[in-house]
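*Asks:* Take this structure first; my questions come after.
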Amino acid sequence: MKCPFCHQPNTFVKDSRDTEEGKTVRRRRYCEFCKGRFTTFERIQLRELLVVKRTGAKKPFNRHKIEQSITTALRKRNISNDQIIALADRIVLELESSNLREIPTRKIGEIIMNELAKIDQVAYIRFASVYKDFSSARDFAMFISKIKQKTP
């Protein structure tokens, strides 16, 4: 693996540990050339996915974008970083387990919304406001009234 500091092609693994209940391997690495130290993480990836944007453009799937969206929706909510990672893991596993190689952004958004609805209604509404492109307070009110109708 290339050193992120000096870009030398060879670095050495000093320590490896399982994290997230064995779903991820954390590796401490060292560059003999610049003496830099850094950490990498390995995750299981079942297969390569492409994301189909609304414009029709296709991009490689990026797990980080899912985590970032969830983190933004859950900002200042009582949800730990470990819970966010576990939520992202569930979403990615669902996507990778589907029989689709190309996933529309609409489908990804729906899955994220469904998962957020299960754990935090405020985060669900925050995410929906961006995903569904709310343009006015009326859009929020209509969406919230739909949630109230579904909630017993």
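Any read-out appearing in this document is the output of simple, stated calculations on the displayed coordinates, not a laboratory observation. Just so we're clear, the structure is a prediction, and the values are computed from it rather than from any experiment. Note that we place each Cβ from the backbone using ideal geometry, even for glycine, and neighbour counts take in every protein chain shown.
*Asks:* Between K107 and F134, what is the label-to-label distance in nm when each label sits 7 Å out along the Cα-to-Cβ direction?
*Replies:* Inter-label distance under the simple model: 2.8 nm.
*Asks:* What FRET efficiency would be calculated for the residue pair I144, N78, taking the C-beta separation as r and a Förster radius of 25 Å, to the nearest 0.05?
*Replies:* E(calc), rounded to 0.05, equals 0.75.
*Asks:* Okay, moving on. Rounded to the nearest 500 deg cm²/dmol, what is the calculated helix-only ellipticity per residue at 222 nm for the chain, with -39500 (n - 2.57) per DSSP H run of length n ≥ 4?
*Replies:* Numbers: 5 runs with 68 residues, N = 152.
It lands at -14500 deg cm²/dmol.
*Asks:* To the nearest 0.05, what FRET efficiency results for R27 and C6 with a Förster distance of 25 Å applied to their C-beta separation?
*Replies:* Numbers: r = 18 Å, r/R0 = 0.73.
So the FRET efficiency works out to roughly 0.85.
*Asks:* If you don't mind, another one. When only Cα pairs under 8 Å and 6 or more residues apart are kept, what is the percent relative contact order across segment 49-150?
*Replies:* 30 percent.
*Asks:* Compute, for segment 60-151, the length of the dipole vector about the Cα centre, with Cβ point charges of +1 (Lys, Arg) and -1 (Asp, Glu) only. Units Debye, rounded to 20.
*Replies:* Dipole of segment 60-151, to the nearest 20 debye: 400 debye.
*Asks:* From the convex hull of the Cα coordinates of segment 1-44, what is the mean projected area in square nanometres?
*Replies:* For segment 1-44, the mean projected area of the Cα convex hull comes to 2.9 nm².
*Asks:* Here's something else I'd like to know. Could you give the length gained on full extension between R43 and T55, defined as 0.36 nm per residue of separation minus the Cα-Cα distance, in nm?
*Replies:* Full extension of this stretch gives 1.3 nm more.
*Asks:* In this model, which of K23/K150; K65/K132; K107/K146 are farther than 29 Å apart at the alpha-carbon?
*Replies:* K23/K150
*Asks:* So, one more: Between the DSSP loop rule and a limit of at most 16 other Cβ atoms within 10 Å, which chymotrypsin sites (Phe, Trp or Tyr not before Pro) in segment 81-151 are left?
*Replies:* Passing sites in segment 81-151 are F134.
*Asks:* Indicate the gyration tensor shape class of segment 49-150 (rounded, prolate or oblate), computed on the Cα atoms with a ≥ b ≥ c the square roots of the eigenvalues: a/c under 1.5 is rounded; otherwise a/b larger than b/c is prolate and the rest oblate.
*Replies:* oblate
*Asks:* Within the chain, which complete DSSP H helices have Cα atoms spanning at least 30 Å along the helix axis and a mean Kyte-Doolittle hydropathy of 0.5 or higher?
*Replies:* Working: long enough: none.
Long hydrophobic helices here: none detected.
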